[in-house]
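Worksheet: the structure to be examined is printed underneath.
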Amino acid sequence: GSSTRANTRSTQVNGLGLGTFFVSFMDVANTKIGLAIGYVYEQSPAAKAGLRRGDVITAINGTTLVKSNYQALMTDLFYATAGTYQINYARYIRNDEAQRYDLVYDQVSMTAGAYYNNPLLYTMIIKENEENPSYVIGYLVYQSFDVAYEEELKEVIRKLKNDYHITELILDLRHNGGGTVALSQFLSGSIAGTAHANDVYANLEFSYRDKESHKFNGNGMVDLGLNRVYI
């Protein structure tokens with residue numbers, strides 16, 4: 001449903017779909033550079049190629065990333081609107097038998113193309129407490145309170161409540177730059193729940209018009225019924 005609605009919008013962009021990078025050295029000599037991927041847009045060329053957040057890019061089109069070239073190559077990758085890129089990357093893979101994560105190297109090819117920059121970057125359910133099956137943690141990475149994707153956010157929140165019956169929520173806003181008051185009000189109200197529906201969520205003061213007061217119950221909040229939230 002989300003993809004169908006997104007495809008009706010004119011917010012399509014061209015690129016690879018790679019988000020923020022985190023830069024670190026990959027060797028003891030502090031020369032080789034790794035670009036850890038902060039996020040990947042859903043259905044983007046990078047996502048279709050299999051790249052995901054946490055992967056560490058080590059080479060682009062056969063050129064190893066080092067201190068002298070990584071900034072130019074990183075910029076090219078981030079702003080690319082055309083072209084095909086060969087990407088070498090490292091990824092930690094869980095080794096259950098050895099009870100550790102192994103660093104595995106691989107490569108992919110991807111061509112810049114059109115995609116939709118849906119701010120709902122990642123959603124998952126964490127359920128590891130087998131003794132208490134009702135203990136379910138929802139995890140949501142949300143990039144911006146973008147009104148163009150209002151229905152997508154509301155759909156995800158409804159699913160977390162009605163399909164997965166989460167009891168706790170991890171809300172990852174590390175890449176979130178803000179957005180509309182109405183969507184932040186909806187999300188905050190859904191977290192606070194009906195017990196706080198009539199409490200004040202935000203008072204806004206303007207230099208050019210009257211003050212505004214918003215309560216938690218605005219914009220169709222969904223009571224997630226949470227025990228705890230981590231932000």
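For this structure, a couple of remarks:
Yes or no, residue by residue, for (1) more than 23 Å from Pro45 (Cβ to Cβ); (2) open to solvent by 60 Å² or more (accessible area, probe 1.4 Å); (3) under 19 Å from the mean Cα position of the chain (by Cα); (4) in contact (Cβ under 8 Å) with a residue 60 or more places away in the chain:
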residue: Ala82; (1), (2), (3), (4): no, yes, no, yes
residue: Lys161; (1), (2), (3), (4): yes, yes, no, yes
residue: Tyr164; (1), (2), (3), (4): yes, yes, no, no
residue: Gly178; (1), (2), (3), (4): yes, no, yes, no
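- Residues in region 20-50 that are more than 22 Å from Ile93 (Cα to Cα) and among the aliphatic types (A, V, I, L, M): Val28, Ala29.
- Residues of region 187-196 classified as surrounded by 11 or more Cβ atoms within 10 Å (Cβ to Cβ) and either among the hydroxyl-bearing types (Ser, Thr, Tyr) or over 25 Å from Gln143 (Cα atoms) (or both), total: 4
- Residue, farthest from the chain's Cα centre (by Cα), within region 62-80, restricted to residues that are in a loop (DSSP other than H, G, I, E, B) and within 16 Å of Leu51 (Cβ to Cβ): Leu65
- Any hit, region 69-79, residues being farther than 25 Å from Thr11 by Cβ and open to solvent by 70 Å² or more (accessible area, probe 1.4 Å): yes
- Filtering region 108-125 to residues that are in contact (Cβ under 8 Å) with a residue 24 or more places away in the chain and either aliphatic (A, V, I, L, M) or open to solvent by 70 Å² or more (accessible area, probe 1.4 Å) (or both) leaves Val108, Met110, Thr111, Ala112, Ala114, Leu120, Leu121, Tyr122, Ile125.
- Restricting attention to region 197-231, the residues that are under 21 Å from Ile137 (Cβ atoms) and either open to solvent by less than 90 Å² (accessible area, probe 1.4 Å) or part of a strand (DSSP E or B) (or both) total 9.
- The residues of region 49-80 that are in contact (Cβ under 8 Å) with a residue 40 or more places away in the chain and not hydrophobic (A, V, I, L, M, F, W, C), listed by number, are Gly50, Arg53, Thr58, Tyr70, Tyr79.
- Extreme residue, farthest from Val40 (Cα to Cα), among residues of region 127-138 that are open to solvent by 20 Å² or more (accessible area, probe 1.4 Å) and in contact (Cβ under 8 Å) with a residue 24 or more places away in the chain: Ser134
- Given (1) at pLDDT 95 or above; (2) surrounded by fewer than 16 Cβ atoms within 10 Å (Cβ to Cβ); (3) touching a Gly at 6+ places or on another chain (Cβ under 9 Å), index of the condition Val56 fails: (2)
- Residues that are among the aromatic types (Phe, Trp, Tyr), touching a strand residue (DSSP E or B) at 6+ places or on another chain (Cβ under 9 Å), in a strand (DSSP E or B) and surrounded by 20 or more Cβ atoms within 10 Å (Cβ to Cβ) do occur in region 87-107.
The values are calculated or read from the model by the stated rules, or taken from the named source; none is laboratory data. Computed from a predicted model, the values in this text were never measured in an experiment. Note: ideal-geometry Cβ built from the backbone for every residue, glycine included; neighbour counts use all protein chains shown. Side chains are part of the model used for accessible areas, which takes the heavy atoms of the whole protein and leaves out ligands, DNA and RNA. Shrake-Rupley method; radii C 1.70, N 1.55, O 1.52, S 1.80 Å.
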